[in-house]
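Let me begin by presenting the structure, written as structure tokens, before commenting on it.
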């Protein structure tokens, strides 16, 4: 499995992964990505995505999604390893990640990875029309 920056030709695979995991918000354009956005590729197929929004004092992890058949098979770990390296190189010293109540895979991974719960919280999306 390789980890690399997202490319235009990855769009269909990324959309399929986000849709499979019910991580798309109606009306949001998922055709353009900021950086850093990384994908996990297995045998030429995109099987995961992780995006971070850079900020100081911390970055925010967004769009962390793994194709179901590859969950629990190190794709998430590899994406986190590479993203943490990119964030450290950018001077970021911490990141926050919000995980939905139903995403036990991601929650378990962040906890095993040393993430500390922030307490209760909810995420909100506001679309600009």
Would you mind telling me the antiparallel percentage of the DSSP bridges in the chain, rounded to 5?
85 percent
What distance in nm lies between label points placed 7 Å from Cα along the C-beta direction at residue 116 and residue 94?
0.7 nm
Where does the chain land at 222 nm, in deg cm²/dmol rounded to the nearest 500, when only DSSP H runs of n ≥ 4 count, each adding -39500 (n - 2.57), divided by all residues?
-8000 deg cm²/dmol
Going fewest to most other Cβ atoms within 10 Å around each Cβ, 113, 33 line up as 113, 33
Decide, for segment 1-68, between rounded, prolate and oblate: order the square roots of the alpha carbon gyration tensor eigenvalues as a ≥ b ≥ c, take rounded if a/c falls under 1.5, and otherwise choose prolate if a/b is larger than b/c, else oblate.
oblate
Checking 38, 80, 53 against a Gaussian network model of the chain (alpha-carbon springs below 10 Å), the top fluctuating residue turns out to be 53
Gain upon complete extension [residue 84, residue 69; 0.36 nm per residue less C-alpha separation]:
3.0 nm
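Every read-out reported here was derived from the displayed coordinates using simple, explicitly stated rules and does not represent laboratory data. None of these values were measured; they are calculated from a predicted model. Ideal geometry is used to build each Cβ from the backbone, glycine not excepted, and the neighbour counts take in all protein chains shown.
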